[in-house]
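The values are calculated or read from the model by the stated rules, or taken from the named source; none is laboratory data. Model, not experiment: these values are computed from the prediction. Every residue, glycine as well, gets a Cβ built from its backbone with ideal geometry; the counts of neighbours run over all protein chains shown.
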Amino acid sequence: MGKRILLLGLGMQGKAVLHDLANRTDISRIVVVDNRADLTDHLRRYPTGKIVGCHLNVADGTSVVPLIQDSDVVIECLPSIHTLAMGKLAVDCGVSLVSSMYYLNPGEQDPDTINSIRRQIGQLNDRAKEKGVVVLTEFGLDPGLDLILGARALKELDEVEQFNTYGAGIPAPNARTNALQYKFSWSIIGVMKAYRRPARIITGGRVVTLESGKVFEPGNFHILDLAEIGAPLECFPNGDSVPYARMFGIHDTVREMGRYTCRLPGHCAFWNIMSKCGFLDEKPPGVGGIQMSPIEFTAALLGSQEQFHYALNEQDMAFIRIDVRGKSGGKKTRIVYQLIDTRDLESGLTAMQRTVAFTLSIGARLILEGKLRKQGVLTALDVPYEMVIPALERYGLHVVRREESAG
């Protein structure tokens, strides 16, 4: 008997997951949950009976529970506000789940909220182990593939001095057509909120904290110039690298470490001004009796313009790079893992959809096939390289490895 999948969310990533799994013979049914008006129309392109649409609001958890109970695995592709709640529901139902999202929002700055979420994740981990299920989080591109490739690179060194990771979703050369040289390949408000995050990097063996809005300032970003990208990249700190130093087991030894987002030239100067002028603030100023936060306004304004969306003949690029330096066999060594993908114009799937959604699909299949040894709340760090990267190759997503002397 084929497996039953519950797909929560039919946004950009959900559509790509469905595209990938719809015709697999080992899956007997996929129930797709969303409250979008075009749900039924979109599902008409898939086999009738195997793909079932369910129009409901996931905020009403009671209506989702029967669907979870009738599934073998849940693939969660919802906005971040629903992520942890869906994980709790899945565990309560004794069903495993995979998500590309963080369970602890890297942009959260309130200490009480952070501690509360950590407690909830700890409790969820305990319950998931008791139920014998997996909650696989941070299993997309970034976070996700960056963690898997990073862990692989670290195993190849005896000592680690420098560990930098880079992630980007940018227009390919044929789509760099607006003043920002940027178009949205995932949630617009998600991008805006990521730009508000404070950041921590390790430099000279010391932790350096950059407050919200500071990451775009000159001196806080650097340039990465790769011929295969076709332009220099501005790389600014993305969230907190310190917990990952601990997770990787290099916190006490690494001298330089950062997680960086990459954009085309001019991006940092623009958003440095926008941030300092309040366009990313979350407190509504109240204009003409309308309460809308500046960050919501900014997302709505940019999202309403065609120039910030990809046309059907335009391509995006998804990019992950792991750059690790240290010693191997007593010799100074640099190891780089890199993945670059572009939109598949035949299927219409963007590079961001392919790299995130196909990774999610692989995670779901690993769970269904019982290949993950651990139970509880996991991240991509708990999944070996060998289980993921060869599977990605079959989608045409190629990881390139380079090793050189760093002496």
What pairs come out if I take residues in segment 19-30 that are assigned by TED's automatic domain parsing to the domain that holds Asp70 and pair them with residues that are crowded, with 19+ Cβ neighbours inside 10 Å and hydroxyl-bearing (Ser, Thr, Tyr) whose C-beta lies under 8 Å away, six or more apart or interchain? Asp20/Ser361; Leu21/Ser361
Mind counting the residues in segment 278-299 that are of a type in the set (A, V, I, L, M, F, W, C), within 30 Å of Ile229 (Cβ to Cβ) and in a helix (DSSP H, G or I)? 2
Just name the residue that is nearest to the chain's Cα centre (by Cα) out of those in segment 331-349 that are assigned to a loop (DSSP other than H, G, I, E, B) and more than 13 Å from Leu18 (Cα to Cα). Arg343
Condition met for Ile229 (over 30 Å from Asp252 (Cα atoms) and under 21 Å from the mean Cα position of the chain (by Cα)): yes
Flagged in segment 212-221 as modelled with pLDDT of 90 or more and either within 15 Å of Arg196 (Cα to Cα) or in contact with a strand residue (DSSP E or B) (Cβ under 7 Å, 6 or more places away or on another chain) (or both), in numbering order, are Lys214, Val215, Phe216, Glu217, Asn220, Phe221
The correct count of residues that are at pLDDT 95 or above, in a helix (DSSP H, G or I) and of a type in the set (Ser, Thr, Tyr) in segment 241-274 is 0
With respect to Asp142, determine if the residue is within 16 Å of Thr379 (Cα to Cα), in a helix (DSSP H, G or I), among the charged types (D, E, K, R) and within 19 Å of the chain's Cα centre (by Cα). no
Selection count where residues are surrounded by fewer than 18 Cβ atoms within 10 Å (Cβ to Cβ) and more than 19 Å from Trp186 (Cβ to Cβ), scope segment 5-21: 0
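Results for (1) among the charged types (D, E, K, R); (2) within 17 Å of Gly9 (Cβ to Cβ), shown as yes or no for each residue.
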| position | (1), (2) |
| --- | --- |
| Asp41 | yes, yes |
| Asp70 | yes, no |
| Gly94 | no, no |
| Asp110 | yes, no |
| Lys131 | yes, no |
Looking at Gly396, is it modelled with pLDDT under 95 and either more than 19 Å from His19 (Cβ to Cβ) or out of contact with any Gly (no Cβ under 6 Å at 6 or more places or on another chain) (or both)? yes
Does Leu141 meet the test of being surrounded by 15 or more Cβ atoms within 10 Å (Cβ to Cβ), of a type in the set (A, V, I, L, M) and under 20 Å from Glu76 (Cα atoms)? yes
Which of the residues belonging to segment 275-294 are in contact (Cβ under 8 Å) with a residue 60 or more places away in the chain and either farther than 29 Å from Asn174 by Cα or touching a Pro at 6+ places or on another chain (Cβ under 7 Å) (or both)? Lys276, Leu280, Glu282
Could you list, in sequence order, the residues of segment 369-384 that are within 19 Å of the chain's Cα centre (by Cα), outside any strand (DSSP E or B) and surrounded by 17 or more Cβ atoms within 10 Å (Cβ to Cβ)? Thr379, Ala380, Asp382, Val383
Considering every residue within segment 350-368, establish whether at least one is in a loop (DSSP other than H, G, I, E, B) and either modelled with pLDDT under 95 or touching a Leu at 6+ places or on another chain (Cβ under 7 Å) (or both). no
Can you work out which of the residues in segment 185-206 that are surrounded by fewer than 15 Cβ atoms within 10 Å (Cβ to Cβ) and not small (Gly, Ala, Ser) is farthest from Leu312 (Cα to Cα)? Arg206
Taking segment 230-240 and the residues there that are part of a loop (DSSP other than H, G, I, E, B) and buried (at least 19 other Cβ atoms within 10 Å of the Cβ), the one that is modelled with the lowest pLDDT would be Gly239
